[in-house]
1. Name the most mobile residue of Gln113, Gln101, Gln201, meaning the one with the largest mean-square fluctuation, in a Gaussian network model of the chain with Cα contacts below 10 Å.
2. Where in the stretch 61-76 does the amide nitrogen come within less than 19 Å of the point 7 Å from the Cα of Arg124, taken along Cα to Cβ?
3. Checking the cross-link filter: which lysines have an alpha carbon closer than 30 Å to that of Lys220, excluding same-chain neighbours under 8 positions apart?
4. Counting other C-beta atoms within 10 Å, and keeping those with at most 16, which DSSP coil trypsin sites (Lys or Arg not before Pro) do you find in the stretch 1-78?
5. At what distance in nm do the modelled label points of Met21 and Glu42 sit from each other, each positioned 7 Å from its Cα along Cα→Cβ?
6. What's the percent breakdown of Cα-Cα distances in the stretch 58-204 across 5 Å bins, shortest bin first?
7. Sum -39500 (n - 2.57) across every DSSP H segment of at least 4 residues in the chain, then divide by the residue count to get the 222 nm mean residue ellipticity, nearest 500.
8. Multiply the residue separation of Met1 and Arg145 by 0.36 nm, subtract the distance between their alpha-carbon atoms, and state the gained length in nm to one decimal.
Amino acid sequence: MSRMAGRFARVEPRRRVRDPMPGLLSDLPRKNCWSIAEWAGESTPDGMRHLLGRARWDADAMRDDVREYVLEHLHDEGAVLVVDETGDVKKGTHTVGVQRQYTGTAGRIENAQVAVYLVYAGLRGHAAVDRELYIPHSWTRDPDRCRAAGLDEDTVFATKPEPPARVIGRFLDAGHRAGWAAADEVYGGNPKLCSAREERQVGYVLAVACSHEATTGAGKFRADALAAKVPKRAWQKLSAGAGAKGHRFYDRAVIDLAEPRPGSRRLLIRRNRTTGELACYRCFSPDPAPRT
């Protein structure tokens, strides 16, 4: 906490910022100012509310402090950047960015706030190093609502692929390096996100739908159609890691994609050995990568 002390304009919030941490890391069933204040032994949530709502402190600078702390302790030349979004279900309409939208947390459309997180994952462990809130168009087209919620006046609508591109960009702009990035199907099919990673020479493995169309030397095909054309000898049985019942084995096949730009591009197909269910991934590496 000492490296973050200078991010606060007054000593009171500097002292108080320690108090929410045990509650946030606890197994409280619901985490809000009331429950966290009670966990910290306070009789009212007023102090917590002041810290989060009115006290002056630089959240983005603290984000950078956290990133540097994580890199100091978990640095790994083979680390992977993982992008994922998380939704928090909300009841009201005043929380920044809230609207009815799909959230994987609930598995359905709910009144929720959605944020994108960047995780640094290596052999020593993993930790979140950045975040960005998704601000829907229903907010950005209402300046009064944005102003009342404390958003910057220059806040503009950003499509779903833009926040992950920004969090990865900030990581690289800070002078750090990661050879690979990974994301789920929400982002995998977006060409702009792929191009942004390729321009920065960062390899990626991005999940795509089985209906995703990929161009090979023989033409353009759906990913599941390409999987059906893979000969039996081309499938490899590989482990996805140990689970509760031992190693989780899947069949995998790699198909080279035909694109004129520099770099190696492939479609990775993973097949469940029991059900035959397919999972598809679009892959890029600045230099040819081994298949195993």
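1. Of Gln113, Gln101, Gln201, the Gaussian network model singles out Gln101 as fluctuating most.
2. Flagged as within label range: 64-76.
3. Lys160, Lys192, Lys229, Lys232, Lys237
4. Those that pass, being in a loop and sparsely packed, are Arg10, Arg18, Arg30, Lys31, Arg54, Arg56.
5. Going by the 7 Å Cα→Cβ label model, 1.6 nm.
6. Per 5 Å bin, starting at zero, the Cα-Cα P(r) for the stretch 58-204 comes out as 2, 9, 17, 20, 19, 16, 11, 5, 1, 0 percent.
7. It comes out at -7500 deg cm²/dmol, rounded to the nearest 500.
8. Length gained between Met1 and Arg145: 48.4 nm.
Every number in this text was worked out from the coordinates using simple rules, so none of it is lab data. Values in this document were obtained by computation on a predicted structure and should not be read as measured data. Please note: Cβ atoms are built from the backbone with ideal geometry, for glycine as well, and neighbour counts cover all protein chains shown.
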